[in-house]
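Structure record follows, encoded as structure tokens.
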Amino acid sequence: MSEALELYPQGREATGVRWRDRPQPRQGKIEIGNISKSYGAFTALDDVSLTIEPGTVTVILGPSGSGKSTLLRTINHLERVDKGFIQIDGDYVGYRRKGDRLYELKEKAILKQRIQVGYVFQNFNLFPHMTVLENIIEAPIVHGLLKRREAVERAYELLDTVGLREKAQAWPRQLSGGQQQRIAIARALALNPKVMLFDEPTSALDPELVGEVLAVINKLARSGVTMVVVTHEIGFAKQVADRVVFMVDGKIVESGSADRVLNYPVHQRTQKFLQSVL
Ligand code: ADP
């Protein structure tokens, strides 16, 4: 168990989220409160605060090494923070509160908590020794959420969502990178998460395969699950994001509606970054 953390409940950022024209779900609110994270002397996250409203899509942009992936991993407690806190729907992620200090949860409790957060990795990370169907049904069965028959039924629904029903019995190595990533998305959805985190989901793909994965993510954006996406795909951000957060050197330097940040960036670093990627 790591040392108890000080709580820093103040200093939360105003949200200003642009709501989409869809029913507002009540689950999947993420509260990031003054988190910091260092690797030795290097500060990867420096006092980051962010409130993400349920059902919204937040795209995190920034140059390489600015802390985007680290921030995403802290939301799932794949990375411990040195300071501050993260809450999903009011529950501390990775910790329990006692008085004004936070104590890290035991591994089992952390794993249980992680069920509510789907994570899609850059390199898909499918289980190579399992078929597509087995990849998708494994977690809901292991966690005791669904019986095998129900899990299979749900897996076929998800395969329809990502357009790959015919690949149910295929092995991951028989699929293209784009197809593998679509299966990875279906697998993450199988646990019915409140929150989906995407860590550069298209950056390992050949350019011609990027579109099919972004199309699946775009489709999910209308499903009510809260999504946080680290990507360099500015066109996708313009099309899908409710909100864009721009990071440099472990700090959020600019955040607002996709239109505001991408078309009218205020901060010089944002302007420079957008000029370099467009
Ligand atoms: P980004 O996603 O914006 O490219 P990251 O969050 O991956 O940035 O990394 C931020 C910085 O933290 C990078 O300089 C990286 O080298 C460093 N870093 C990330 N993970 C580790 C680690 N486990 N150990 C040491 N340094 C790390």
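Just so it is clear, none of the values below were taken in a lab; they were calculated from the coordinates. It should be emphasised that the depicted structure is a prediction, and the values quoted were computed from it without experimental measurement. No Cβ is skipped: glycine too gets one built from the backbone with ideal geometry, and neighbour counts run over all protein chains shown.
Reported to the nearest whole Å, the Cα centre-to-centre distance from the stretch 212-260 to the stretch 141-180 is 26. Restricted to Cα atoms, the stretch 50-147 shows a radius of gyration and a Dmax of 15.7, 47 angstrom.
Taking every DSSP helix (H) stretch of at least 4 residues in the chain, weighting each as -39,500 (n - 2.57) and dividing the sum by the residue count yields a mean residue ellipticity at 222 nm of -9500 deg cm²/dmol. Projected label points at GLU107 and ASN218, each 7 Å from Cα along the beta carbon direction, are separated by 4.2 nanometres.
Across every direction, the projection of the convex hull enclosing the Cα atoms of the stretch 105-149 has a mean area of 4.0 nm².
Measuring between alpha carbons in the structure, the pairs from LYS219/LYS272; LYS68/LYS108; LYS68/LYS194; LYS83/LYS108; LYS37/LYS98; LYS167/LYS238 lying more than 29 angstrom apart are LYS219/LYS272; LYS167/LYS238. Only Lys, Arg, Asp and Glu carry charge here, each on its Cβ (+1 for the first two, -1 for the last two); on that basis the chain has a dipole of about 560 debye about its Cα centre. Computed from the Cα positions only, the extents of the stretch 177-218 along the three principal axes stand at 30, 16, 15 Å, in decreasing order. One chain, two ends: SER257 and ILE141. Fully extended at 0.36 nm per residue, the span grows by 37.9 nm beyond their Cα-Cα distance. For the stretch 180-278, the dipole from Cβ point charges (+1 on Lys and Arg, -1 on Asp and Glu) about the Cα centre works out to 320 debye, to the nearest 20.
Its residue count N fixes a reference of 2.2 N^0.38 Å for the chain, and the Cα radius of gyration divided by that reference is 0.99.
Its alpha carbons give the stretch 154-267 an Rg and a Dmax of 15.4, 50 Å. Gain on full extension, evaluated as 0.36 nm per residue between SER176 and MET130 minus their Cα-Cα distance, stands at 15.0 nm.
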